[in-house]
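Below is one structure, written out as structure tokens; the observations come after it.
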Amino acid sequence: MKKSILLTALLGALLAGCASTELQESQPLNPPQPELQSMQADDNQGTAYTSPDLNLQELRGNPLLAKDKRGIYFDFNKYVVKQEYMEVIQAHAKYLNETPAANMKIQGNTDYRGSHEYNLSLGQKRAVAVKEALNSFGVDDSQIETVSYGKEYANLDCVEQNSCGEDRRADIVYTVE
Amino acid sequence: MNKFLHIIFAGFLFFSSSVIHALEVIEILGGKASQIPIAVMPFKSFGAQKDIGKINSVIKGDLGRSGLFYPLDTRGVVASPNSDKEVNFSQWKSLEAQFLIIGRIDFIQKEQIKVSWSLIDIYKQQTVLSGEYVGKNNQIRAIGHKVSDKVYERLTGSKGVFHTKIAFVEKYNNQKFKLNIADYDGYNITTLLDSKMPIISPRWSPDGKKIAYVSFEKEKPVIYIQEIATGKRKLLANFKGNNSAPAWSPDGKRLAIVLTYSTNSQIYLINTDGSDVKRLVRSRSITTEPSWSPDGKEIYYTSNQGGGPQIYKFNLESSEVSRVTFEGKYNLYPSLSYDGKLLLYLTQDQGKFKVALQNLQSNQVLKLTKGPLDEAPVFAPNGHMVLFVYKNYGKTTKIGTVSINGLKIDPLPLGSRQVQEPAWGPIKN
Amino acid sequence: MKFLKLENNDELQANLFSFAIHLALFLVMIFSVGWQTKTPYYGEVELWDSVPVQKKINKTQATPKKKIKQKQNTKVQKSAEAKAKAKAQKEADIKLKKKKAAEKRAAEKKAKKLKKQKAIKELKKKVLKQEKIDKLKKEMLEKEKVERLQQQIIEQQKIEKMQAELRESELKQQKKPALEGENEVKGGVNTGELNKYKLLIQQKIQQNVNQQLCGLDYITLEFRISLMPTGELLGQPKMTKSSNINSCDDAVERAIIQSQPLPLPKDSGLFSKLKNLELKFHPNGVE
């Protein structure tokens, strides 16, 4: 009888002891990862194709097509082309219609406020708005590519410098000029 | 006979006292969100290099950032217990500590260490968790993060994220860009891509082995998928126009992306090998920033069909579109918590850009930050913290974490780096 | 020697046997005592109209075979029958007694019922009387001039308003914990004071419940605690209902322990009511 009592008491003590502490864990960590290869981006551009069919004299001579007039500016969160830019756009349309080999890229931009992706889309809308203005003058889409840089080139201090309007613009660029 | 009477009497008494009296009931509703005060003592190092005992600062940093713990300042504490038997519980109670972590680091062989630790409950006066890790000297931070994870899981019931990685874009030398990955707390930075043109929207694959991102290196935005371990990458999308906003499906087999070859930004689905491109939403407005629900049935996105940007969701089965955000005129950058209950996004409130949370069940909105120029918020994989961008003095943008109970905001120690576009990697099992 | 050994064995056996009987009797006593502590449930007594009579067998076809069987076992059957009859008689007697007692109680019940019904009738009469009086009053009012009528209506409204306000303030007083101990005393304990301390305890513990560790759903947990007059816990809090979230169970238990010492009254009568408490937690509130 005494022996059995002792045994059960011991068992009870053992079980009680097991309840509280967690099991220990001993494991080796994974060895440190091998050095990651840093990729270099491909920045090479294709060679430019020059051809007399591009009528570069006109492009370089006409004041309406001058490089300082290649920016169309927009209001905050808007992508409507203002009337004041229509003269310049019409001149570009004339050039494109007369020069079927010419290709134009319209780059849309925004100021830095908001997210990168939404601004990428907004910049795109601005580029498309200019394209549609060109379409209205008879230019075909095959000569126009629209891209957006969103806020990637925006000035982070534009609020302090009161110059945010300068970032809200679409730029006209020719593949060859 | 006497014995017999005794037994009867005892039995009688027993039964008379076992009649249960009705207990007073007190109902307690609600509580108070607080940070658990926890003391993490420097680990004692035996034969290991100097300062390695500062693993406790890694643990304190982790637990503090989560917003659920308040690591106590133990610099003035003289007591140095080696086990729970040596702990003077009343002393720690007077310091208002509820838990204590102690540990030791033993030097095993050349550059090898063994870290042993215990989590002690001051109120229950016992060890509730302990563990042991073996590793190299230079893995001390990783070991610290593992301890934090274990402690976090034990005390909160949620998975710890202190072992996870983040990705972010760094702009340097005014016009150069790097895509980096690092520990979630900003340590151990490695560069994945170096470019002269912008990089945006990095996104981890659900298995954490690849990153999709948008690069402007071809003078227009295109999408790459790069394998982290090997550095190998492949071009996922280079259609006419813009290619951007990659979002992995929860099963990792497809991505939602934004293409403009139909002139406006529209959302498409594409397989990871670049095949089977399908248009999702037909709209004359901007539709961008796709983000999947955790069950893979819905895609949340930003659209300006209502004038300013607002968040909508598209049901993949029914093709139904419904609007999600109604408060404020400018809401964008949606993403969902791992359990699908919370929507994280960016909102413009009284001219200031702030990080916001919307409870998708109650539709209550909470502004998590104060702005004025906060951006790009992303969830930690356990939904307890948010990583976001904020603009500092001058032209620099910084990233920091904010706990979703709002109690703790902390920058990432990235020095003077100009950083943006963060992404939070998955939990590794 | 053998003789002695035998005796020892016998003693052992005797002791064991007596112990067994004692134990059996003790158990019988326990069960009978336990049975007796229950209040008698009259509805469960089976009432017999008369001494049990063997039911007629309808199946006439089977009887011839049975008769044959009966003839074969008559002797055994007869003695068994006699015993059974005796038993049945005894049982019948007991049951008769019970039945009589039950009938008595039923009769008493009936009498009580009748009394109640009488009282209700009287109340109804009173109400009817009251209604008649009201009617008369109305008729009188109708007979009077318009100005007086209006005045009386206004006055009546004022009275009703005051009565309503009185009723409201009475209800409010009942809800508020009595700080002066003027409220009713139930069973020797002042319920106002009791509620005051319950509220203090509730508030102190609630401040320490870190509900962030309890998820977002409407869960509940329950604990039972025992207290010392100092406000400290006697032993550990006992969880009687888990939230099924470990971190929540831990957090609430921690909150209870952290709240020591709990505010308790010095009066021993009140303390005895609060020394064992059932705590029900709803960390995320209720729907």
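Among B:Thr190, B:Thr288, B:Thr325, rank each residue by its count of other Cβ atoms within 10 Å, from fewest to most, as a rough exposure measure. Please list the in-between numbers first.
Numbers: B:Thr190 15, B:Thr288 30, B:Thr325 23.
Fewest to most other Cβ atoms nearby, the residues stand as B:Thr190, B:Thr325, B:Thr288.
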FRET efficiency estimate (nearest 0.05) - Cβ-Cβ, C:Arg224 to C:Ala14, R0 51 angstrom: 0.60
Using θ = phi - 60° and Karplus 6.51 cos²θ - 1.76 cosθ + 1.60, couplings along region B:403-419 (whole Hz; Gly, Pro as x): 6, 6, 8, x, 7, 9, 10, 9, x, 8, x, 9, x, 9, 4, 8, 10
Estimated FRET transfer efficiency when R0 is 30 angstrom, pair C:Lys241-B:Ala22 (beta carbons, to 0.05): 0.95
Estimated inter-spin distance, B:Lys209 and C:Leu136, nm [label 7 Å along Cα→Cβ]: 10.1
Histogram of C-alpha separations across region B:65-182, 10 Å bin width, %: 11, 33, 31, 15, 7, 2
Unsatisfied cross-links (Cα-Cα over 26 Å) in the set B:Lys60/C:Lys241; C:Lys90/C:Lys113; B:Lys218/B:Lys278: B:Lys60/C:Lys241; C:Lys90/C:Lys113
Region B:229-304: trypsin sites (Lys or Arg not before Pro) in DSSP coil with no more than 16 other Cβ atoms inside 10 Å: B:Lys232, B:Lys240, B:Lys253, B:Arg282, B:Arg284, B:Lys297
Partner chain coverage, peptide A:144-153 - average Cβ within 10 angstrom: 5
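From the C-alpha coordinates alone, can you work out the Kirkwood hydrodynamic radius of region A:79-177, in Å?
This gives a value of 13.9 Å.
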Using a Förster distance of 41 Å, the FRET efficiency for A:Val159-B:Lys428 (Cβ separation, nearest 0.05): 0.50
Other-chain or far-sequence residues with amide H under 5 Å of B:Thr397's (modelled H): B:Asn392, B:Val419
Within region B:23-54: backbone nitrogen closer than 16 Å to the B:Asn137 label point (7 Å, Cα to C-beta): B:45-54
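When Rg is the radius of gyration of the Cα atoms in chain B and Rh is its Kirkwood radius, what does Rg/Rh come to?
Dividing the radius of gyration by the Kirkwood radius yields 1.10.
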Spin-label model distance (nm) - B:Lys253 vs B:Lys278, 7 Å beyond Cα toward Cβ: 1.0
Three semi-axes of the equivalent ellipsoid, region A:57-105, Cα gyration tensor, whole Å, largest first: 22, 12, 9
For region B:256-377, the fraction of alpha-carbon pairs in successive 5 Å shells from zero, as %: 2, 11, 21, 23, 20, 13, 7, 3, 0
Spin-label pair A:Glu87/B:Asp410, simplified geometry with 7 Å Cα→Cβ offset, distance in nm: 6.1
Derived scalar couplings ³J(HN,Hα) [region C:240-247; Karplus, 6.51 cos²θ - 1.76 cosθ + 1.60; whole Hz; x for Gly, Pro]: 9, 8, 8, 7, 6, 10, 4, 5
Selection of chymotrypsin sites (Phe, Trp or Tyr not before Pro), region B:88-193, meeting DSSP coil and at most 15 other Cβ within 10 Å: B:Tyr187
Segment B:Phe4-B:Ser57, extension gain: residue separation times 0.36 nm, minus the distance between their alpha carbons: 12.2 nm
Shielding by partners - mean other protein chain Cβ count within 10 Å, residues of B:372-381: 2
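Taken together, the values in this text are just the output of simple stated rules run on the coordinates, not laboratory data. Since the model is a prediction, treat every value here as computed from it, not as a measurement. For neighbour counting, all protein chains shown are included, and Cβ atoms are generated from backbone atoms with ideal geometry for every residue, glycine included.
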